[in-house]
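> Following this message is one structure expressed as structure tokens.
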Amino acid sequence: MENSKELPPKIRLATIIFKPNNEVLLGKTKLYPDSGRWIFPGGEMEFADSYHRTIFTNLWRTIGIRQTDILLTDESPSVVTNDIYENIHYVTLYCRAKHYKRRPGIRDKSAYEELNWFRWDNLPSPLSLQIENFLKQKYNPHP
């Protein structure tokens, strides 16, 4: 079995979706390595997928948001974090979006146990390593 420390990093995309009142959408994930923590919606990039295809495929599959339901405010990643867990390494690319149609809901019950909107200055706990690393960058995500 290959040592996990020798495996290359995986690329994950996270979408920071804001409502007009500046609340941000977070999901309490069931997936390793952030199980039980709040995370931005998104997912891993598959081989040969584009940035945009990865974003919209994962949003539709997990929370029922289509490309026509949101407006991306970033054409390329706005922030990148290096998220190193005990057994896995992610490079996470972030994009921002404005939500203007369709209420998100959990489509993939294996991915999230809860979805909710939160004020940026009152985020829930516990947060994923991804969000903790994002916050350390002191980037203002409001579109």
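Read-outs: derived from the displayed coordinates by stated rules, not from any lab. Computed from a prediction, not measured in an experiment: that's the story for all the values here. Cβ placement follows ideal geometry from the backbone for every residue including glycine, while neighbour counts extend to all protein chains displayed.
> Condition test on Phe134, is it of a type outside the set (S, T, N, Q), touching a strand residue (DSSP E or B) at 6+ places or on another chain (Cβ under 7 Å) and in a helix (DSSP H, G or I)?
yes
> Next question. Within the set of pairs 6+ apart or on separate chains, which have a first residue in segment 122-142 that is in contact (Cβ under 8 Å) with a residue 60 or more places away in the chain and over 15 Å from Pro77 (Cβ atoms), a second that is assigned to a loop (DSSP other than H, G, I, E, B) and of a type in the set (A, V, I, L, M), and C-beta atoms under 9 Å apart?
These pairs meet every condition: Ile131/Leu123.
> If a residue has to be of a type in the set (A, V, I, L, M) and surrounded by fewer than 17 Cβ atoms within 10 Å (Cβ to Cβ) to count, how many in segment 64-88 make the cut?
4
> Right, something else. Select from segment 32-83 the residues that are touching a residue at least 12 places away in the same chain (Cβ under 8 Å), farther than 22 Å from Arg119 by Cβ and acidic (Asp, Glu) and list them in ascending order.
Of everything in segment 32-83, those that are touching a residue at least 12 places away in the same chain (Cβ under 8 Å), farther than 22 Å from Arg119 by Cβ and acidic (Asp, Glu) turn out to be Glu44, Asp83.
> Follow-up question, since we're still on this one. Checking the conditions here, which among Arg107, Arg103, Arg61 is surrounded by fewer than 16 Cβ atoms within 10 Å (Cβ to Cβ), among the charged types (D, E, K, R) and assigned to a helix (DSSP H, G or I)?
Exactly one residue qualifies, and that residue is Arg61.
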